[in-house]
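See structure below.
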Protein chains: 2
Amino acid sequence: MDNKESLGAEISLMTPVWVIGSYDKAGKANMMTAAWVGICCSKPPCVTVSLRKARYTYHNIIGRKAFTVNIPSKNYIKETDYFGIVSGKEVDKLAATGLTPIKGDYVDAPYIKEFPVAVECKLVNTLELGLHTMFIGEIMDVKADKTTGDNKEALLNMLIYDPKNRNYYSVGEKSGKAFSIGKEITNSQTEGGR
Amino acid sequence: MDNKESLGAEISLMTPVWVIGSYDKAGKANMMTAAWVGICCSKPPCVTVSLRKARYTYHNIIGRKAFTVNIPSKNYIKETDYFGIVSGKEVDKLAATGLTPIKGDYVDAPYIKEFPVAVECKLVNTLELGLHTMFIGEIMDVKADKTTGDNKEALLNMLIYDPKNRNYYSVGEKSGKAFSIGKEITNSQTEGGR
């Protein structure tokens with residue numbers, strides 16, 4: 001056990017915060033906040049979003065075979081948290097926040113005009129895991145705020161969720177270049193290289 | 001399309017960086033860096049890790065039905081990047097970095113002594129998605145550096161990967177309290193409440 005202590009079988013890893021867009025049967029746009037999410041394949045490009053069956057969004061995604069992933073910047077932290085607190089069964093959350101739903105170009109789901117990034121996803125697989133059901137969505141398009149330069153700053157906006165303490169964090173400083181900074185170790189070895 | 005521009009069907013969302021620990025047939029501990037990862041269920045607590053079949057770790061996980069998730073702090077950014085650059089087929093990556101593998105208490109996979117957080121996972125499902133195969137691991141135990149206070153600072157150490165520009169970022173400042181900051185919107189509505 002060395003220098004560590006056991007915390008048991010819990011969820012305590014920090015995770016991205018995504019806002020999931022969908023339409024209900026009547027065509028009302030809904031948004032809910034999800035953190036049990038991730039990227040899962042490069043070709044075809046796919047993401048996972050896990051939801052409880054009790055969620056309004058669950059039935060919307062099953063019905064329309066589509067959802068969007070909307071990436072909130074910290075400017076929209078209140079709206080993002082609100083989307084996770086109330087249910088679309090009872091409230092028109094977009095009307096309540098004043099944010100604007102726009103129908104996707106490629107899938108039957110709405111994205112948020114004001115958020116910096118939106119990803120249109122087609123439902124390609126569903127897996128029952130226990131309390132949560134995992135939806136696998138194939139990315140049909142990524143839309144980002146028009147920003148100057150090659151870095152697409154919009155894509156760097158993100159909130160991170162700490163499930164243990166229930167806090168949101170923003171992204172910090174650039175720490176290093178991937179597939180690059182580790183070469184210092186490769187180069188220092190006498191065996192050398194790949 | 002409003003204020004956004006289409007970037008096409010690409011992977012450009014920022015994602016956590018995890019280091020996946022496994023044993024090969026001979027019992028050699030190996031670590032590889034993965035970013036196509038996520039949390040996917042609360043009960044049982046589960047995570048996803050997606051790998052290409054060409055990866056050494058792929059066969060290790062199939063063979064031992066187990067892996068660990070090791071969370072690097074930015075102090076170990078070089079080692080983390082190195083684990084993603086070279087293959088365990090050719091190199092003993094732990095020996096090269098000087099980091100220490102410790103056998104898990106609950107599963108047949110090694111974790112890194114020096115990293116702040118280690119999660120022991122039992123393989124419970126495998127899903128072919130295309131270029132990547134998704135492994136679903138049930139969390140059997142979380143181990144974190146012994147830190148003072150209730151916040152378990154070790155759990156807040158994380159690197160975030162920007163796949164579009166291939167850069168690592170660290171976690172930034174606390175931005176707000178979840179299930180709390182959004183209540184300002186709920187309370188401001190005349191409909192009131194949930």
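The values are calculated or read from the model by the stated rules, or taken from the named source; none is laboratory data. Predicted model only: the values in this text are computed from it and were never measured. We place every Cβ from the backbone using ideal geometry, glycine too, and count neighbours over all the protein chains shown. Just the protein is used for accessible areas: all its heavy atoms, side chains included, with ligands, DNA and RNA removed. Shrake-Rupley method; radii C 1.70, N 1.55, O 1.52, S 1.80 Å.
Among the residues of region A:154-170 satisfying the criterion of being open to solvent by less than 30 Å² (accessible area, probe 1.4 Å) and of a type in the set (A, V, I, L, M, F, W, C), which is farthest from the other protein chains (Cβ to nearest Cβ)?
A:A154
Checking B:M134 against (1) facing chain A (nearest Cβ under 7 Å); (2) touching a strand residue (DSSP E or B) at 6+ places or on another chain (Cβ under 6 Å); (3) of a type in the set (A, V, I, L, M, F, W, C); (4) surrounded by fewer than 19 Cβ atoms within 10 Å (Cβ to Cβ), only one condition comes out false. Which one?
(4)
With (1) aromatic (F, W, Y); (2) closer than 28 Å to A:S170 by Cβ; (3) more than 7 Å from chain A (Cβ to nearest Cβ) as the list, and B:Y82 as the residue in question, which single condition is left unmet?
Status for B:Y82: all satisfied but (3).
From the list B:Y111, B:Y106, pick out the single residue that is hydroxyl-bearing (S, T, Y), at the interface with another protein chain (Cβ under 10 Å from one of its Cβ atoms), in contact with an Asp or Glu (Cβ under 9 Å, 6 or more places away or on another chain) and buried (at least 24 other Cβ atoms within 10 Å of the Cβ).
One residue alone meets the criteria, B:Y111.
Looking at A:P44, A:P101, A:P116, which is the one that is open to solvent by 20 Å² or more (accessible area, probe 1.4 Å), more than 8 Å from chain B (Cβ to nearest Cβ) and either out of contact with any Lys or Arg (no Cβ under 7 Å at 6 or more places or on another chain) or at pLDDT 95 or above (or both)?
Being open to solvent by 20 Å² or more (accessible area, probe 1.4 Å), more than 8 Å from chain B (Cβ to nearest Cβ) and either out of contact with any Lys or Arg (no Cβ under 7 Å at 6 or more places or on another chain) or at pLDDT 95 or above (or both) holds for just one of A:P44, A:P101, A:P116, which is A:P101.
How do the pairs read when you match residues in region A:22-38 that are farther than 24 Å from B:C40 by Cα with residues anywhere that are of a type in the set (F, W, Y) and open to solvent by 10 Å² or more (accessible area, probe 1.4 Å), using Cβ under 8 Å and keeping only pairs 6 or more apart or on different chains?
A:A29/A:Y23
Can you name the condition, by its number, that B:K74 falls short on among (1) open to solvent by 10 Å² or more (accessible area, probe 1.4 Å); (2) more than 7 Å from chain A (Cβ to nearest Cβ); (3) in contact (Cβ under 8 Å) with a residue 40 or more places away in the chain?
Unmet condition: (2).
Check A:T80 against each of (1) among the hydroxyl-bearing types (S, T, Y); (2) over 13 Å from the mean Cα position of the chain (by Cα); (3) surrounded by 20 or more Cβ atoms within 10 Å (Cβ to Cβ) and name the one condition it does not meet.
(2)
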